[in-house]
Amino acid sequence: MARAKRTERAEARRRYRSVTGAAESPDLEIDETETPATPAAAVSRGDRPRRPEAGPPSRREAAPPPRPGFVAGLRRAAGPADILADIRALPAIAVHSKALWVPFAVIVGITALFFIPGVSANPIVVLLGSLALQPPPMILPFFGGMLAPRGAWLVGGIVALANAAAYSLLFVVFTNSVQTGLGFTYVMTTDQKVGVVVNAVVTSVPFGILVGAFSGFYRRFLAMSSPARQAPAKAKRR
């Protein structure tokens, strides 16, 4: 009954406008009673828009790439070295990384200890000199290669050369006689000292290059084998 009354009222308004000649307004053409409003409570749950579920961002994001296997990691870490690119990057490695100046500081510090009276005979100083400076060197070239962002083989060779130079300096200054394994002592000539220096350089540099290359390979293998670090949840939400 209510709908019929509203329809009659709408017809009466149209007839009135046609008689009076008034312009029809689009606002009056709309029959507000023909489309009854549906209360929100009557809408089914399935038709309601769903809100995004709140959850940890890591669940909605893509999972990190899987770690390579042991053999695959070895193959990727043992890739060929770009020799020319490593040589061009040497100034940046020396300035922007600790690969060279940290081993150099250790070499200079240990060498300086031997020139301090009363300290050079200390057993700890002697042990440090034997471990760090005795050719062919291993510890400091390996350490420098681990710190190098690239060109670990080149860093290892340079550190080994500095090792050989420090050892040669100490040998020439402080060694005048040598005692053999049988207990015989003989005085070293200048030619013999030069031979010891050349032998230290020739054996130290290639060995340092190999040690540095191995340290670079080991560093790359560790980087590939370690799981990727995920950013904190707060950083992801931002």
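The values are calculated or read from the model by the stated rules, or taken from the named source; none is laboratory data. Remember, predicted model here, so these are calculated numbers, not experimental data. No Cβ is skipped: glycine too gets one built from the backbone with ideal geometry, and neighbour counts run over all protein chains shown.
Tabulated data for the structure shown
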read-out	value
In region 122-146, residue nearest to residue 206 (Cα to Cα) [restricted to those that are within 31 Å of the chain's Cα centre (by Cα) and surrounded by fewer than 24 Cβ atoms within 10 Å (Cβ to Cβ)]	136
Subset of region 65-103 (residues that are farther than 16 Å from residue 214 by Cα and at pLDDT below 90)	65, 66, 67, 68, 69, 70, 71, 72
Criterion violated by residue 109 - all others in (1) among the small types (Gly, Ala, Ser); (2) free of Cβ contacts under 8 Å to residues at least 12 places away in the same chain; (3) touching a Gly at 6+ places or on another chain (Cβ under 9 Å) satisfied	(3)
Boolean, residue 149 is under 30 Å from residue 80 (Cα atoms), under 33 Å from the mean Cα position of the chain (by Cα), surrounded by fewer than 18 Cβ atoms within 10 Å (Cβ to Cβ) and in contact (Cβ under 8 Å) with a residue 12 or more places away in the chain	yes
